Structures are given as structure tokens and as C-alpha cells.
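J.: Can you keep this structure in mind? I'll have questions shortly.
The values are calculated or read from the model by the stated rules, or taken from the named source; none is laboratory data. This one's a predicted model, so the numbers in the text were calculated from it and none came from an experiment. Virtual Cβ from ideal backbone geometry, glycine too; neighbours counted across all protein chains shown. Areas reflect the complete protein model, heavy atoms only, side chains present, ligands, DNA and RNA absent. Shrake-Rupley method; radii C 1.70, N 1.55, O 1.52, S 1.80 Å.
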Amino acid sequence: MRSTSTLALTAAVGVVGIALAPAATADAPDDSVAYLAAQIEAGDGRLTTESGGQTFDDLGLTIDAVASMSAAGSGGDVSATATDYLVDNAAGYVGSGDEVYSAATAKMLTLASVRGLDPRDVGGVDLVAQLQGLEEDGQFVDRSEYGDYSNTLGQAFGLIGLERAGVNPSTASVDALLAQQCDDGGFTLEFGGDCVSDPDATSTAVQALETVGGHDDAVQDAADFLEGRQEPDGGVGGGATTEAANTNSTGLAAIAFDIAGRDDARAAALGYVESLTFDCDTPAIAGAIAYDKSEFDTLTAEGEDAAATGTSTRATAQALLGVAGESWGTVTAEGQSAATPTPDCEGSAPTPGDDAGSDDDATGDDASSGNDASSGAGDSPEIPAVVQTDGGAAGGSSGLLALGAGGLAAVVTLALRRRGAEQRH
């Protein structure tokens, strides 16, 4: 997705002349789960990201991975371990007191429903009350000395999280999301200013509107925008800094296409993601999803020497949800098997790379990370105050990272703290 202050998804140009590929091979979701599980285990129960030569917990990306593995239906034991880590570090991630982050709160609240947690007691935090306390004139805003980085992604997760927790979002909060829809049907990422449609924000908004219900016209208009941005190979690009097709944005768009009943567009999108999923030609990263064609070609050429990268880890965590056929409004851990599948390749299992979980575009993310227990005490690192970890260009951008939603990711900020940094979605 994108390596600026938000997760973005650009949607697609007309799907003319596309030979529709199957959604994915039978083993692809399981292999992707195996890859993610290996990265989580290498990170002692969570995914991490790098900035300024230091490694930090990326709780937002970890949430993406847990949700995607839950949707794929395997890797339950590793998902549970990661969930425990998220719960233990929830308070640092979502904030407290004078530092409270709306998008992180909303994403953690959504995870609570995915994993069957009590949304009013996640790591000692009542996420429902906290999110409702951040609502101003319908908009979920940050309460922070570092500024308000709330946007459409966090707004959408807020509606999804509340609805799934059994709490009707206020009419004003739904209207605040609808007000982000532009004349072309897409949703803008930022509150205020010109209405410039952002594909990632659009795909995430579609999931929120489907979850709360009653907004079919807005959903169809959004799908029109996304389909109009789809490329002939099925790929969907991101926002201003990641306009080229990438798997993060395409996976998010596939969810929106599914919701809107655009079967051909969804099949094309999933065919694109499948075409960039590594197989046994690169046994150490079998199941990983490359961020884009360039990364896929580079790592494929390395063959047995190919190792995980931050962008492939992020892309896999965010795109797998769409491959698995779920949305943030529907995914649950119900029926998820405990075992982690093993890729049917001769050679080693997926291995972590040196920068697993680093930059790529949700989320824009997407969403997110708590205190980095592994950073240790000492002086705060020299890192930007605002860090995007839900999306981002494969090559990164001057210390700005991309996170989730989707993914889905979303906006993540790093507030410098005495023991390291606290990232928010």
C-alpha cells in the first residue's frame, strides 16, 4: 500500500480482455498461513517493522496477519499466541490518558470480535467505551500531543468494530463516513480538503458500509470507482505514492468486489494476487505474496536463496484476507484448525528475512504497534513522529513505513517514548 501517512488502495481500470484466473490454487491460502506463522514465530509472537536501524513491534500488521490466518482457517495455535501478545500489549497500542489513538482502538476492537474476546476488556481496556469517547461530531479522532491523524480508514474500522461488538454506531458516525464519498464514487482518505478518491480508503469503507447495512447505493458507486481503476491484468494500484498495481491494494479491492457482487472483477483481482504468490521454486518463502511484479521477479530469480522481505510479509498479511474470501466485517476464528500447514516443498520451511514486517502500503492500512519490548530501555530512537505501516511502496520512503487493511490496512504514528516507540494505526 503506501508509505505515507495513510493506507491507500487504488481501484481498477476496466477489466477488458482479461482471461479470468481461478481465485487461488487449493494450497495457496494454507501456504500463505505457513509463511505468516513462520514470521510470527521468528518474532516471538508478533510481527515487527524497522525504522532508523531499529526494530519495533508492529501490532497493526500482526492484527492483519491474525485476521487473515483466521479467515484462511489454519494456523490456530500461532494465531492464538499472537493474539495473546496483542492483548498483553493492547493498552500501549491503543493509548491511554492524554494519548489515545482512534484507528488503533478501532482496529483492536475489530480484532476482539474476530478472536472472540470481550471487547470491553482487552488487556484491561474497554475498547467500546474508549472509541465512543473519541467521537466528536461523528468522527473518531485522536487525542494526542502529536496531533490528530484520524482518517477514513480509522472511521471505517470504528464502525465495523462497534457493530461487531453489538453496539449500534451513531447515525453521525455513519454519516461522517458517507461524507467522505466523492462524486466519482470513491472515498477520500483524509478528512477535510479536496475530495480525492483513494482506492484503499474506498475498499475499507465498502466493508464498513456492508457491516452496518442499508447503504447499497453507496457500495455500488464505490465498486464502480474501483472497477474503473482495475488494470487489464486484474491488479489494483494504491494512492498517490503507490499508483502502480500491488497485491495489498488488490486484495482489499477483491473484498469490495465480492461485497458488491462484481464477480468478474473479483476473479481478476484474485488471479493477479495468485500470479504473484511464491511457490516451491522459492521454497523458503513458499506461500508468501510479493508486493508487486518487480519484487516477485527479483525473488523468483533468487530461487532457493530467496528470503522473506518486509514488503512480502506485509503484502501476505494484508492480501490473504481477500484471498480467503472474508472481510473485516465477517472474519472469525470459528472453525480454524490449530495446526500450521506445511508447504509441500522439498527443502526448508519459510524463513524470516532481516526486515520482516517493514515498509509496504491499509492499510496505510491499515494499522499500529505497541511498545517494543525488544527495544530495551534507553534514549528514544531517531525516527519520524508519523509512520505509515499499513501500506507503502516496496522500496520504502525516507523512513516512512507502510502498514493495514488493508489492510487494510491504515495510518500508524510513532510517538517517541522513553523505552522506544509506540506505533499507532
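J.: Looking only at segment 177-236, which residues are of a type in the set (A, V, I, L, M, F, W, C) and not in a helix (DSSP H, G or I)?
T.: Across segment 177-236, the qualifying residues are Ala179, Cys182, Phe187, Leu189, Phe191, Cys195, Val196, Val236.
J.: It is to be established whether one or more residues within segment 68-80 are touching a Gly at 6+ places or on another chain (Cβ under 7 Å) and modelled with pLDDT under 95.
T.: no
J.: Another one. Out of segment 208-238, which residues are more than 21 Å from Glu163 (Cβ to Cβ) and open to solvent by less than 10 Å² (accessible area, probe 1.4 Å)?
T.: Leu226, Gln230, Gly234, Gly235, Val236, Gly237, Gly238
J.: Oh, and also: Being in a helix (DSSP H, G or I), among the charged types (D, E, K, R) and open to solvent by 20 Å² or more (accessible area, probe 1.4 Å) is the filter here; which residues of segment 29-77 pass it?
T.: If the condition is that a residue be in a helix (DSSP H, G or I), among the charged types (D, E, K, R) and open to solvent by 20 Å² or more (accessible area, probe 1.4 Å), then Asp30, Asp31, Glu41, Asp77 are the ones that fit.
J.: Condition first: at positive phi and open to solvent by less than 40 Å² (accessible area, probe 1.4 Å). Can you find one or more residues in segment 128-135 that meet it?
T.: No, segment 128-135 contains no residue that is at positive phi and open to solvent by less than 40 Å² (accessible area, probe 1.4 Å).
J.: Among the residues of segment 266-289, is there at least one that is under 22 Å from Glu50 (Cα atoms), open to solvent by 60 Å² or more (accessible area, probe 1.4 Å) and among the β-branched types (Val, Ile, Thr)?
T.: no
J.: Is it the case, given these coordinates, that Glu274 is of a type outside the set (Ser, Thr, Tyr) and not in a loop (DSSP other than H, G, I, E, B)?
T.: The answer is yes for Glu274.
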